[in-house]
Each structure stands twice: as structure tokens, then as C-alpha cells.
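Asker: My structure is below; once you've seen it, I'll send some questions.
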């Protein structure tokens, strides 16, 4: 009976998505799933149960990038068809919306794997329905205190989600003290990903780095080198399922040490899915940065071309690590775009916990503050600099900031943009890019 009911429900969801797009009021990444989930709660399980292998990726930072990397890797295998919530809609309604979108008129899904980004507080609510064979946790940082509360609560929510899936293999960041202990007392087989100690000690984890168990299972990145173009090379060693793993060189186009964790997470999951290291590394080469996570957008007027590289920030950890990455960029041109919409978090006190003092070591050409909280950002910068690089203009209008930055930049320049989530969406829309990924 439920299968027959899927037909009109799917039709409704698809028509609603078309109506939202036609009206310009949305792209259907959330509302169809919200309505269907509220009135027909059986649909999520009915759809996801059709896909034999489900992977859930959660954590504070790196969910979207890890998901995109993993999808690129396993898609290299003949016969594999991957469903993923590509627009980053990681609440239950977003996941259900994607399942409805990808199903045919009869409510059937033709996929072998689902690789789903799942918001931290959502995991315990839907873990039992998703029944993932693998759960990955990227890291746990303080994030949107007005939404989540203290990080201890987020840690408990994720642990509760894992506990609902006792047969799932778990891949966690082994350097983060909070994620490394998530499965203690649980029966889940756990694999740890980590950076060699000389790199991991620079990451802003809460507490001491997790002691390394040389006999434990997992992967470690060594010989990490960030290239001038911000691509990152690294080697991998470790054990998975009792077998040694040695990968002499891998490269990711997502910049920074923190994205090496994402690559390791994806490679570890791919290994558990039966994908060998050579194939995983080949898939990583095809990976393109997810929206706002290192992607480059181009603005051109006549013969003048300016590149904008987007590095999403949303909490002190992501902000501080992005600034560390930019510290060695010559003649740095920087836009800080800070909004306080619901999706960003209404509380922007996290700006004061971010290590903007790292900019004192940067070679700055100019900085521009924009977004709803542009003035708050400018005040934070005032206290961060030992000697300000000159007046820091503010323009709350992101369109105005984009126009001003284009005027200030020379043709061929790259401007680095550090936006919060909704500021990133607006910036991309102004550049002619949306999240309606086909």
C-alpha cells in the first residue's frame, strides 16, 4: 500500500519543486521534503530502503567537501550510481527532498549508493531510518551556539545517532579529542584518520591531541605540502581492515591542512566500500571544490577579468584556519562577508574567538568588509591589527562590495572572499551561480 501511495506523493513533490523554481521563490531543496515528511512520515524510509549502501557524513566542518570527494572516488567504479544531497541541504527535509527529486514517477530510485551529508542534530533523528553502513564524523568545533548550545550537547547527539546503528563502521577524525572518543563503549568498528603530529598540532581542537595507537586501524597523512596554487600534496599510510595502505602521493585542489582530513575521510570510506587506493586517488583528481569551499568564480567586463576564490567560514575554527592559509599569499586582496541570518547563526560573537591576529603576518594589499554585520567585522579587525594596513571600507550591500572590489583589483588578480553561509549564497547569485545543481 505504501508503495502505491508513493506515486501521488512523488508527483506532488515534483510539481511543487517546479512551481518554486518558476516563481523564483526557491529551488525545492527543502519545502517538498518538509511537507511530505510532516504528513507522510513513512516516505523517507520507503525511499532510502531502495538503496543498498548508505553513507552518512556529519560533523561541524567538512561535511560537504568530504561527501563530494567520496562521490568522485566511488563514481570511478563501473556500475556505481551515487545519490547525494548536492545542494548541502542536510536536514531531514533536505535529504527527503533530494530522494523525492531523484525518484521516478513510480517512486523508484535507481542508485547503488547514497552518500548523504547529515546535520549534526539531525543524525539521531533519522539514523535508524537511514540505516547507514558507514558513518563518518569530520570534527567537532563550537558552532552556532544560539542553535546548538554548547559543543558537549552536539557530541552527545552524534553519539546517540551512532548508537542507533550498531552494525555501522565509523570513520572519525582521530586527532580531534571529541570525535576520537565518540565510539568508546559502543560496539562499532572504528577507523581513525589523522595528520602526522607535526601538522596536527596547529589545528585548534579543544583539549589535547588524541594519543596515537600505532596498532589501531585508520589512515595518516604525511609529507603534506601546500603548493603556490593552493593545491595540496600528501602521502598516506595506515591500515584498513587489517591490510596495510601505502599511497605515495595524492593531491586535492581544496586548499589547506583541514581539507587533507576530508580527503583522508573519503579515502577511508572508499576503502571500506571496496575501492582500492589507486582508484580513490584517481577519483580525487576529478574532484572539484564544492560551492563556496575553495571554488573560483570569474567576473569579466570587457578585457578586464578578476577571479574570486570563495572560502566559506562559519565558526572560529574555519575562520582561523582560512586566515592561516592566506597568511603567505602575496599582495592579499580580501573580502570578509558576514551575515547573521538564521542559517549563519544570529550570534556573531564568534568573530571575537576567531584568530584574526594572524593577519598581522599577512602581506595585505586591501581588505573590504561587507554583509549585514560588516561594521561588526570592521570593529573586530580594528582590535586585531598591530598596525592597520590603512582604512578598511565597509559596504553592507554585497553587490556594492563586489562592484567596489572589481574596481580596486587589476585584471588577472585573485580576490579571496571569506563569507558566512548566506553571504556566500548571495555572492554566488550575484556572480550568476546558484545551488540548483543538476
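Asker: Given 0.36 nm per residue, what is the gain on full extension from residue 39 to residue 22 after removing their alpha carbon distance, in nm?
Answerer: 3.7 nm
Asker: Based solely on its DSSP helices, what 222 nm [θ] is calculated for the chain when runs of n ≥ 4 H residues each add -39,500 (n - 2.57) and the sum is averaged over all residues, nearest 500 deg cm²/dmol? Display every interim value, and only then the final one.
Answerer: Values: 17 runs with 166 residues, N = 438.
Calculated from helices alone, the mean residue ellipticity at 222 nm is -11000 deg cm²/dmol.
Asker: Further question: Where the centre of each part is set by its Cα atoms, how far does segment 161-184 sit from segment 279-350, in angstrom?
Answerer: That distance is 29 Å.
Asker: Only bridges with both residues in the chain count here: give the DSSP antiparallel percent, nearest 5.
Answerer: Around 35 percent antiparallel, to the nearest 5.
Asker: Just rank 151, 367, 269, fewest to most, by other beta-carbon atoms within 10 angstrom. Show your work: numbers first, answer last.
Answerer: Working: 151 17, 367 23, 269 29.
Taking fewest neighbouring Cβ atoms as first place, the list is 151, 367, 269.
Asker: Still on this structure, please answer the following. Tally the DSSP beta bridges in segment 174-276 and give the antiparallel ones as a percent, rounded to 5. All intermediate terms of the calculation are to be shown ahead of the outcome.
Answerer: Numbers: 15 of 19 bridges.
Roughly 80 percent of the beta bridges in segment 174-276 run antiparallel, per DSSP.
Asker: Could you identify which residue out of 140, 219, 404 has the top mean-square fluctuation in a GNM of the chain using Cα springs shorter than 10 Å?
Answerer: In the Gaussian network model the winner is 404.
Asker: Using the Cα gyration tensor of segment 320-438, with a ≥ b ≥ c the square roots of its eigenvalues, what is the shape: rounded (a/c below 1.5), prolate (a/b larger than b/c) or oblate (neither)?
Answerer: Oblate shape, in that a/c is at least 1.5 and b/c is the bigger or equal ratio.
Asker: Build a GNM of the chain with springs between Cα atoms under 10 Å: which of 46, 280, 127 gets the top mean-square fluctuation?
Answerer: In the Gaussian network model the winner is 46.
Asker: Which one of 121, 163, 105 has the biggest mean-square fluctuation once the chain is modelled by GNM with Cα springs under 10 Å?
Answerer: So, out of 121, 163, 105, the one fluctuating most is 105.
Asker: Quick one: if you stick a label point 7 Å off each Cα along the C-beta vector at residue 430 and residue 80, how many nm between them?
Answerer: 3.9 nm
Asker: Between residue 251 and residue 184, 0.36 nm times their residue separation minus their Cα-Cα distance comes to what?
Answerer: Taking 0.36 nm per residue and subtracting the Cα distance, the gain is 20.9 nm.
The numbers here are math on the coordinates, done by the rules we state, and not lab data. Predicted model only: the values in this text are computed from it and were never measured. FYI the Cβ positions are ideal-geometry reconstructions off the backbone, even for glycines, and counts take in every protein chain you see.
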